[in-house]
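The values are calculated or read from the model by the stated rules, or taken from the named source; none is laboratory data. As the structure is a computational prediction, the values presented were derived from the model and not from experiment. Cβ sites come from the backbone with ideal geometry, for glycine too, and all protein chains shown count toward neighbours.
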Amino acid sequence: MGALQTPSILLVSHSVEERDVYTRSLLTSGCRVIAAATTVLAYQIATTQPTGMVVTESHSPGSMSGLELTRRLRIHTRTVNVPIIVLTSGTRPQDAELSIKAGADMFLETPVSGEVLREHVVRLLVACGRQSPADVNASAGDNRRHLAYDRTCPECRGALEYRWKTPILTVPDPDAREPQERLRYVSGWFCRNAACEYRDLAARTE
């Protein structure tokens, strides 16, 4: 599938307030936004209309969860290559790994601000070849500085690169009865200098 000139973002959320906040933010990146209140409706839209990306909650009311939606989109011929971002709950850390296993390209722990979601949507669109950095900068206007692709490490002054779906080991909880390291998939900026451990992860916003 070729790159879409104007990417269409299918936003799935049962919350009217969240749909409005995310839609307003995503529109500033030059994307077209289609909002769906249910995963069932979202599946019908994604499999019948050109879709540049899907953003869905991991759990949604109704017969189909966001994780099940992700799995179904990954096996449908029209959506097998569509980038998918899953918004996971911070109270259910297992949802992050389940999202990746279901076929998501990226997960973000909620609560997520509209600005943070927009930045990750744009970066993933560019990484997948569905939008060019030039188009992003032209649409971003005063927000261009938030969407920069060339960043310098604040610790070693080396170059940073953006990675998504990157596995890292979390630090075990020292207060746990049997502390164990846990593999977690994260997205964010990583220093290219192997000797430097700086990283700016896509963490939940306060």
Based on what the data block shows, is R78 of a type in the set (D, E, K, R) and at pLDDT below 90? no
Of (1) surrounded by 21 or more Cβ atoms within 10 Å (Cβ to Cβ); (2) within 16 Å of the chain's Cα centre (by Cα), N81 satisfies all except one. Which? (1)
May I ask you to list pairs of residues, at least six apart or on different chains, whose Cβ atoms are under 8 Å apart, with the first in the range 48-67 being closer than 19 Å to D95 by Cβ and the second being aromatic (F, W, Y)? V55/Y22; S58/F107; M64/Y43
Could you tell me which of the residues T70, T88 is touching a Phe, Trp or Tyr at 6+ places or on another chain (Cβ under 6 Å), of a type outside the set (A, V, I, L, M, F, W, C) and assigned by TED's automatic domain parsing to the domain that holds P111? T88
For the range 7-26, which positions are in contact with a strand residue (DSSP E or B) (Cβ under 6 Å, 6 or more places away or on another chain) and either in a strand (DSSP E or B) or surrounded by fewer than 22 Cβ atoms within 10 Å (Cβ to Cβ) (or both)? S8, I9, L10, L11, V12, R19, T23
Per-region count, the range 88-125, residues without any contact (Cβ under 8 Å) to a residue 60 or more places away in the chain and within 15 Å of G188 (Cα to Cα): 2
